[in-house]
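Laboratory data are not the source of any read-out in this text; all were calculated from the coordinates shown. Please read these numbers as outputs of a predicted model, since none were measured by experiment. Every residue, glycine as well, gets a Cβ built from its backbone with ideal geometry; the counts of neighbours run over all protein chains shown.
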Amino acid sequence: MTKTKYVFVTGGVTSSLGKGIISASLGRLLQARGFSVTIQKLDPYINVDPGTLNPYEHGECYVTDDGAETDLDLGHYERFLDIQTSQANNVTTGRIYQSVINKERRGDYLGKTVQVIPHITDEIKRRITLLGKSGKYDIIITEIGGTVGDIESLPYIEAVRQLRWDLGHNNTAIIHLTLVPFLNASGELKTKPTQHSVKVLLENGIQPDILVLRTEHQLTKEIRKKVALFCNVNLESVIQSIDVSTIYEVPLLMQEENLDKTVMARLNIEPRDGIDLKPWRNFVKKLKNAKREVNIALVGKYVELYDSYKSILESLTHAGALNDAKVNVTCLHSEMISPETVNEDLAGYHGIVVAPGFGDRGIEGKIFAVQYARENEIPFFGICLGLQCAVIEFARNILGYKDAHSTEMTNITTHPVIDLMEEQKGVTEKGGTMRLGGYACELVEESRVYKAYRKKLIRERHRHRYEFNNDFLEEFESKGMVAAGINPESNLVEIMEQPGHPWFIGTQFHPEYSSTVLNPHPLFISFIKAAVEHAG
Ligand code: GLN
């Protein structure tokens, strides 16, 4: 294949239909047929990136190795395709406008009125085709965020309409994902929302090639025919996406529905028959036939929305499958945990994860959770703020510094065991200014983390401003907390562990960003193994 082909995925009827999972599943199938694939997401909001958003808004902020703060769908892309994405894989309206306005100020459009069409749409098209210019990819899937009909999605839909002409119809495919609701009262599946949603696309000049219909019940041939007839697609292009117990089954279902073959035909790609889904099938089989169960408490403050901890939950799932264990995760609100309730709150869990986070809301509850895990010898995994809580707990209860704290939370402590990084001290802007992306870390050879990774030099992704204060390192190590991973350039402590405890590890980085189905993360594997052992 010489020319890069483009697949666009739009969504209709309602949000949260799972465009990200459908895009990732299609990507996985095409990749399993030997194509080189990547996926990008276009988000119609005005924030330049989701780094400044509260997790309650759109769920977790996912960080790529090159340090981009991105939409959580990029996590799905990486987990499904086992590839690395980058800044170029996530574009927001804010970023588009920012570049256009910068160009305008520079005088690039001198004399012209700058308008949505063509200037904004040209910038969208430039961004969409950017990854294709590398020549690395046979197929690029572009997920358009939002729902068709939204005012803010319009420039994206228009850009896709134009791109069909620029790139040629045989080089583009448009998949539209909709919902076929089931009405209990009449006992019927309804296609009207799909018809309307396709009409909206048609009004904007786009005829979708393939319709993927989310449904809770099997679609009959009659329903598929009806949709095909009203929406101008052939019957094979009406694809059912029925609810399943795990997102990891979706690629297999999409293969049964021939989504990949239909896309290949649409893109005029020589059909490739061989498809290697064996490792994927094995994973799903293990996931669904786990022999045992472990109960994990995830202590955080955004627990009302599971998407806030998406990558952690998925990493636990990957590690569970590898350990033949079903991982039951309960998200516990750290604001509810107090010294009076902690014994009851955390009783019965085989492992405790203290989550990343920002600000002081719920911080004390997290510290009590750490203390409980340490004293009761429950496997403990602290991630980013979770590590920082473990450090504070140790300083308060083992070193006896009752006022020990992070200077993120207070500036009146005499024991700032977690402090602002040197390079952060002059930073005043909030967006994109944390320590972000992949950094090297050297492991101590006798450590538990070294045993898990089985190598000395690792690279992990970061997203934080504060760090362990090295002034206290000697004291910590003299009392049994070991800095098991250090950044070789900056000397920052990246991992703390307590060798005297069955499994007590905190990482300043976010291992959850790099766990994939085919390569589950070594620390999550080791943590779940410890939880399985703890469960007996
Ligand atoms: N708020 C902490 C810091 O900056 C931890 C961040 C996190 O957990 N991602 O440094």
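Some points to look at:
- Between 0 and 90°, nearest 10: helix 192-203 axis offset from the chain longest Cα axis: 70 degrees
- Taking the Cα centre of the range 373-449 as origin and assigning +1 to Lys and Arg Cβ atoms and -1 to Asp and Glu Cβ atoms, the resulting dipole is close to 240 debye.
- Summed over qualifying helices (DSSP H, 4 residues or more, each -39500 (n - 2.57)) and divided by its residue number, the chain shows a 222 nm mean residue ellipticity of -10500 deg cm²/dmol.
- Among 237-247, 154-164, the order from most to least packed when residues are scored by Cβ within 10 Å on average: 154-164, 237-247
- 14 Å beta-carbon shell around Leu267, net charge (K/R +1, D/E -1): +3
- Using a cutoff of 8 angstrom between alpha carbon atoms and counting only pairs six or more residues apart, the relative contact order for the chain works out to 15 percent.
- Candidate cross-link partners of Lys288 among the lysines, defined by an alpha-carbon separation under 21 Å and a same-chain spacing of 8 or more, comprise Lys278, Lys310, Lys326, Lys529.
- Potential extension, Glu216-Leu53 segment - 0.36 nm per residue separation minus Cα distance: 55.5 nm
- Extension gain for Thr113 to Met409 (0.36 nm times residue separation, less C-alpha to C-alpha distance): 101.8 nm.
- Hz values of 3J(HN,Hα) by residue in the range 162-174 - Karplus curve (6.51, -1.76, 1.60), Gly and Pro given as x: 5, 4, 4, 7, 4, 8, x, 4, 6, 9, 9, 9, 10
- Using alpha-carbon coordinates, inclination of helix 93-106 to the longest axis of the chain, degrees: 80 degrees
- For peptides 44-50, 222-228, sequence by mean Cβ density within 10 Å, most packed first: 44-50, 222-228
- Taking the longest Cα principal axis of the chain as reference, the axis of helix 121-133 is set at about 70 degrees.
- With the simple spin-label model, which puts each label point 7 Å out from Cα in the Cβ direction, the Gln84 to Glu344 separation comes to 4.8 nm.
- Pairs of lysine residues in the range 129-224 - Cα separation under 30 Å, sequence separation of 8 or more or cross-chain: 4
- By average C-beta atoms within 10 angstrom, highest first, the peptides 113-126, 510-523: 510-523, 113-126
- At full extension, Gln424 and Asn102 could sit 113.3 nm farther apart than now, given 0.36 nm per residue minus the alpha carbon distance.
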